[in-house]
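Colleague: Mind looking over this structure? Questions follow.
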Amino acid sequence: MIIAVDGPAGAGKGTIASYLANYYELKHLDTGLLYRAVALKALRENIANDDPVSLVRIALNLDLDQLKDPDLRLESTASMASQIAVLPEVREILTRHMRFFCQHISKPFNGAVLDGRDIGTVVCPDAHLKFFVTARPEIRAQRRLKEMQEHQTQNQQESYLEKINERDQRDRIVAAEDAYTIDTSDMNIKDACEYAGKIVEEYMKNLAA
Ligand code: DC
């Protein structure tokens, strides 16, 4: 079973994807980390966001260990990730990495759950289940700020709403036509996870019937 979870930053898609991965024994890939890993390496090597040749080289040489670097969580990395994500050459290579991940699922996993922006529309258009997780921008900005303070990765109090709006405009966030939309603005995240879980249950029940 392949599940796609898409949506904008701070809507809760990562939490929902992790919940489904644990509950249903699915391999999980946070695809934003791939974009962030390319961005972080580019920042460290002083590579500009409009240098596709160097960015493609980094993307081709990505390895899973690079996805564990704590600096991937920095806002500066997120911003660079969103800038390089507009380059089709980079998207194409990272999409290939994601598809490879989906094609290499073995026991004990029953499938995969990928969270990102274009999983249900581009990376896995044939996913068995698709979710589009969203929330109002001001709610997402508040959540991101709280998260950063908890992790103490950065303590700047700049306007996160502005950053969120900037990223929303740059990121390609389109819901797949056949996606279940979950608006988490007025929901606690536990309820949102359980709601997604119920949809998966329903899907499996129909398969068995
Ligand atoms: O989900 P995130 O904040 O970790 O993602 C970082 C950036 O990567 C995001 O601003 C846009 C890009 N991205 C993308 O374009 N497609 C994906 N499937 C995942 C992330």
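The values are calculated or read from the model by the stated rules, or taken from the named source; none is laboratory data. Keep in mind that what you see is a predicted model, and the values were worked out from it rather than measured. Because the Cβ atoms are built from the backbone with ideal geometry, glycine has one as well, and the counts that use them run over all protein chains shown. These accessible areas exclude ligands, DNA and RNA; they are computed on the full protein's heavy atoms, side chains included. Shrake-Rupley method; radii C 1.70, N 1.55, O 1.52, S 1.80 Å.
Colleague: Any residue that is within 14 Å of the ligand (Cβ to nearest atom), modelled with pLDDT of 95 or more and either open to solvent by 30 Å² or more (accessible area, probe 1.4 Å) or more than 28 Å from E162 (Cα to Cα) (or both) - is there at least one of those in the stretch 22-30? Spell out the reasoning first.
Modeller: As a first pass, look at the stretch 22-30 and keep what is within 14 Å of the ligand (Cβ to nearest atom): 28-30.
If we keep only those that are modelled with pLDDT of 95 or more as well, we get 28-30.
Narrowing further to those that are either open to solvent by 30 Å² or more (accessible area, probe 1.4 Å) or more than 28 Å from E162 (Cα to Cα) (or both): 28, 30.
Yes, the stretch 22-30 contains a residue that is within 14 Å of the ligand (Cβ to nearest atom), modelled with pLDDT of 95 or more and either open to solvent by 30 Å² or more (accessible area, probe 1.4 Å) or more than 28 Å from E162 (Cα to Cα) (or both).
Colleague: While we're looking at this one, here's another question. Just give me the residues in the stretch 128-138 being part of a loop (DSSP other than H, G, I, E, B) and either modelled with pLDDT of 95 or more or open to solvent by less than 10 Å² (accessible area, probe 1.4 Å) (or both), in sequence order.
Modeller: Hits for the stretch 128-138 are H128, A135.
Colleague: While we're here: Only one residue in I47, I3 is under 17 Å from A192 (Cβ atoms) and either among the charged types (D, E, K, R) or more than 13 Å from the ligand (Cβ to nearest atom) (or both), so which one is that?
Modeller: On the way: I47 fails: under 17 Å from A192 (Cβ atoms).
Checking each option against the conditions leaves just I3.
Colleague: Something else: Restrict the check to the stretch 77-84 and report whether at least one residue is farther than 23 Å from V122 by Cβ, of a type in the set (S, T, Y) and surrounded by fewer than 18 Cβ atoms within 10 Å (Cβ to Cβ). Step through it out loud before you land on a result.
Modeller: Initially, the stretch 77-84 is screened for residues farther than 23 Å from V122 by Cβ, giving none.
The answer is no; no qualifying residue exists.
Colleague: So, one more: Looking only at the stretch 38-66, which residues are open to solvent by 100 Å² or more (accessible area, probe 1.4 Å) and not hydrophobic (A, V, I, L, M, F, W, C)?
Modeller: Residues satisfying the conditions are R44, N46, D50, R57, N61, D65.
Colleague: Answer with yes or no whether V38 is at pLDDT 95 or above and not small (G, A, S). Explain how you work it out, then say what you get.
Modeller: Numbers: at pLDDT 95 or above: yes; not small (G, A, S): yes.
So V38 fits the description; yes.
Colleague: Tell me which residues, restricted to the stretch 106-127, are open to solvent by 50 Å² or more (accessible area, probe 1.4 Å) and in contact (Cβ under 8 Å) with a residue 60 or more places away in the chain. Spell out the reasoning first.
Modeller: Here is the first cut: in the stretch 106-127, the residues open to solvent by 50 Å² or more (accessible area, probe 1.4 Å) are 106-110, 121-122, 125-126.
If the condition is that a residue be open to solvent by 50 Å² or more (accessible area, probe 1.4 Å) and in contact (Cβ under 8 Å) with a residue 60 or more places away in the chain, then P108, F109, N110, T121, D126 are the ones that fit.
Colleague: Scan the stretch 169-204 for residues that are open to solvent by 40 Å² or more (accessible area, probe 1.4 Å) and assigned to a helix (DSSP H, G or I) and jot them down. Break it down into steps so the answer makes sense when it comes.
Modeller: In the first step, residues of the stretch 169-204 are kept if they are open to solvent by 40 Å² or more (accessible area, probe 1.4 Å); the result is 169-170, 172-175, 177-178, 180-181, 183, 186-191, 194-195, 198, 201-204.
Q169, R170, I189, K190, D191, E194, Y195, K198, E201, E202, Y203, M204 - these are the residues of the stretch 169-204 that are open to solvent by 40 Å² or more (accessible area, probe 1.4 Å) and assigned to a helix (DSSP H, G or I).
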